[in-house]
Amino acid sequence: MLPLNDPTIRASFVNATRKELSDLTLPDLTSLDWDRLDYLGWRDPKFAKRAYIVVPVDDTVIGVVLRQADADPRRRAQCSWCQDITLPNDVVIYGARRAGHGGRNGNTVGTLVCENFQCSANVRKLPPVAYLGYDVEAAREERKLGLRARAAAFATGVMAES
């Protein structure tokens, strides 16, 4: 992922209100290893249930404000984005208000994602060897591409008018 700055991130949000943008607390962008990120995701330290993602889509980035659902945190689930079956972390349901008219009417979309957005690290772990001659490096690259595609599909889905 290409490094992003504060103005670029703030301008990327498609479903944020002015109040949400003014309350937005960004992570320390200088400490991030941008080469090892497929998307930028973080939880807001001021609001317990609010989180944000910024996803590269084609030649631009799409930012989405998320809200964690009030679901039972003890249930185990598979992340829809990284699809890691040996998750070392919890997966939660995040919902996002749709952009534009649909969002103003209360339409939302949701997804199961790693609670603290560890997907990029999860897909970079070497998968177990499935059979003799299995190419683990190719499998890892395929997992990275899959993560990028699923995250981008979610972000563009937030922009849909349905």
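What is the fewest-to-most order of V123, V109 by other Cβ atoms lying within 10 Å of their Cβ?
Working: V123 24, V109 18.
Ordered by Cβ neighbours within 10 Å, fewest first: V109, V123.
Cut-off 10 angstrom, C-alpha nodes, Gaussian network model of the chain. Which of L26, L132, L147 fluctuates the most?
L132
With point charges of +1 on the Cβ of Lys and Arg and -1 on the Cβ of Asp and Glu, referenced to the Cα centre of region 6-159, which listed residue (Q68, F13, I85) lies farthest in the positive direction of the dipole?
Q68
Relative to the Cα centre, what is the charge dipole magnitude of the chain, using +1 at the beta carbon of each Lys and Arg, -1 at the beta carbon of each Asp and Glu, and rounding to the nearest 20 debye? Intermediate values should be presented prior to the final figure.
Details: 22 positive and 20 negative charges, 124 e Å.
Here the chain has a charge dipole of around 600 debye.
What range in the chain is the longest one free of chymotrypsin sites (Phe, Trp or Tyr not before Pro) that are in a loop by DSSP and have at most 16 other Cβ atoms within 10 angstrom?
48-130
Lys/Arg Cβ at +1, Asp/Glu Cβ at -1, dipole of the chain taken about the Cα centre: which of F154, M1, T111 is farthest positive-ward?
T111
May I ask you to derive the relative contact order of region 99-149, considering only C-alpha pairs under 8 Å and at least 6 residues apart, and to give it as an integer percent? Walk me through the numbers before you get to the answer.
On the way: 21 pairs, mean separation 15.6, N = 51.
Relative contact order of region 99-149: 31 percent.
Rounded to whole Å, give me the distance from the Cα center of region 85-162 to that of region 11-52.
17 Å
May I ask what percent, to the nearest 5, of DSSP beta bridges between residues of the chain are antiparallel?
Values: 21 of 22 bridges.
Here the share of antiparallel DSSP bridges comes out near 95 percent.
Does anyone have the angle between helix 136-159 and the longest principal axis of the chain? Alpha-carbon axes, 0 to 90°, nearest 10?
Taking Cα atoms only, the helix is inclined about 20 degrees.
List the relative contact order of the chain as a percent without decimals, with contacts defined as Cα pairs under 8 Å and 6+ residues apart. Intermediate results must be reported in sequence, preceding the final value.
Details: 266 pairs, mean separation 36.5, N = 162.
It rounds to 23 percent for the chain.
Using the Cα gyration tensor of region 19-109, with a ≥ b ≥ c the square roots of its eigenvalues, what is the shape: rounded (a/c below 1.5), prolate (a/b larger than b/c) or oblate (neither)? Before the final figure, lay out the partial values.
Working: a/c = 1.41, a/b = 1.06, b/c = 1.32.
Cα axes put region 19-109 in the rounded bin.
Coordinate-derived values only; no laboratory data. Not measured: the values here are computed from a predicted model. Cβ coordinates were reconstructed from backbone atoms using ideal geometry, including for glycine residues, and neighbour counts include every protein chain displayed.
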